[in-house]
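**Q** Here it is: the structure, laid out below.
Each reported figure results from applying straightforward, stated rules to the coordinates on display, with no laboratory input. For clarity, every value in this text was computed on a predicted model and none was experimentally measured. All Cβ positions, even for glycine, are placed from backbone atoms using ideal geometry, and neighbour counts span all protein chains on display.
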Amino acid sequence: MSGAERQGFTLSVVAPAYNEMETLSEFHRRLASVLEGIPGVCEIVYVNDGSSDKTIAIMNALRAEDSRVAIVDLSRNFGKEIAMTAGLDHARGDAVIVIDTDLQDPPELIPQLIEEWRNGYDVVYAKRTAREGESALKKATAAAFYRVIQRVSRVRIPEDTGDFRLLSRRAVDALKQLREQHRFMKGLFSWIGFPQKAVLYRREPRFAGAGKFNYWRLWNFALEGITSFTIAPLKVATYVGVIVALVSFFAAAWIVYKTLVFGDSVPGYPSLMVVVLFLGGLQLLFIGVMGEYLGRLFNESKRRPLYFVSGYEPAKSLGPGLLGPGSLPPDQSAARR
Ligand code: UDP
Ligand code: MG
């Protein structure tokens, strides 16, 4: 689609939710009022990511009163990245917006995202100018993470950007072909390429409930980002190994020479311990790095479907059954039968 043709379009809003019963109604109210001003036909794809609270009941109530609501109910909690993927798989629009349901991503930005899409961009991402309600430590760790990943990977991952963005149909179709288990979505969004554009906004603190990210999860997220986009740590292992081996070789030669010429004056216990511990530590560290990659290889090699859907209710606004099993990726059309 060229920019000029993007007039009478259909828009999908994909919103993953995990235990969001306190925010969902307010989110829907704000989103619905924004969508009123949009010229195209809309659907709102709510993905229930195995919530243990009344989230699904609220979704059903919203669908009963709003014909734009579609519901994808996952069989358990799969995590946000996969919930988002499930939403993208089921989205039918010419343009698809991904947004958090905790109101940290302001729905009021949507018209601006659409504006840039109409200007011909395929990926329009919301870039935050201020991080409110986040600790200095979280800000610092996030900054460090982006610095590292920017250095080690060829994929440009925009800083201060969440998952809130608009994707064109061809960008969604490209993304749907990436079926890896380890889904670092921010990386995948960039990896597909196509013209991309940032729109600036201020990120709000969470409306209600607690963020489901803690530092352990954040650390794993960073590890995911780095290991799925670069094998640089494995190369580091090689070089550090070579350097350490060279140094140890000369040190050993020096010790042998010293012993032969001057005799064994001191038992040499300290130097021995230092070398053993240092090399042992280094080896363990890089076995760990290899383990991270090996684990990922293991997970990918199982070729499991990414998720299972226990219920899908299409949006009435787009008419029924347009989305046959054939338009879903192979693993998911099997799951729906
Ligand atoms: N979410 C999800 N599955 C999960 C965790 C979170 O679908 O396992 C959703 C959640 O409902 C929200 C979005 O992902 O809409 C972002 O979650 P959260 O606010 O906890 O993350 P943060 O804002 O810290 O990135
Ligand atoms: Mg949040």
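**Q** Restrict the check to region 74-87 and report whether at least one residue is within 12 Å of ligand 1 (Cβ to nearest atom), more than 29 Å from residue 199 (Cα to Cα), outside any loop (DSSP other than H, G, I, E, B) and in contact (Cβ under 8 Å) with a residue 40 or more places away in the chain.
**A** yes
**Q** Give the residues of region 13-39 that are charged (D, E, K, R) and under 23 Å from the mean Cα position of the chain (by Cα), sorted by residue number.
**A** Matches in region 13-39: 20 only.
**Q** State whether one or more residues within region 66-73 are touching a helix residue (DSSP H, G or I) at 6+ places or on another chain (Cβ under 6 Å), more than 11 Å from ligand 1 (Cβ to nearest atom) and not in a strand (DSSP E or B).
**A** Checked against the condition, which is being touching a helix residue (DSSP H, G or I) at 6+ places or on another chain (Cβ under 6 Å), more than 11 Å from ligand 1 (Cβ to nearest atom) and not in a strand (DSSP E or B), region 66-73 yields at least one hit.
**Q** Among the residues of region 54-68, is any surrounded by 23 or more Cβ atoms within 10 Å (Cβ to Cβ) and either in contact (Cβ under 8 Å) with a residue 60 or more places away in the chain or touching a His at 6+ places or on another chain (Cβ under 8 Å) (or both)?
**A** No, there is no match, as no residue in region 54-68 is surrounded by 23 or more Cβ atoms within 10 Å (Cβ to Cβ) and either in contact (Cβ under 8 Å) with a residue 60 or more places away in the chain or touching a His at 6+ places or on another chain (Cβ under 8 Å) (or both).
**Q** Taking region 133-158 on its own, how many of its residues are touching a helix residue (DSSP H, G or I) at 6+ places or on another chain (Cβ under 9 Å) and of a type in the set (Lys, Arg)?
**A** Final tally of qualifying residues: 4.
**Q** A follow-up question, please. I'd like to verify a number: residues in region 210-261 that are outside any helix (DSSP H, G or I) and away from ligand 1 (no atom under 16 Å from the Cβ), how many?
**A** Total meeting the criteria: 2.
**Q** Answer with yes or no whether residue 14 is touching a residue at least 12 places away in the same chain (Cβ under 8 Å) and more than 16 Å from ligand 2 (Cβ to nearest atom).
**A** Against the criterion (touching a residue at least 12 places away in the same chain (Cβ under 8 Å) and more than 16 Å from ligand 2 (Cβ to nearest atom)), residue 14 does not qualify.
**Q** Go through region 119-141 residue by residue and tally those that are over 17 Å from residue 104 (Cα atoms) and surrounded by fewer than 18 Cβ atoms within 10 Å (Cβ to Cβ).
**A** 6
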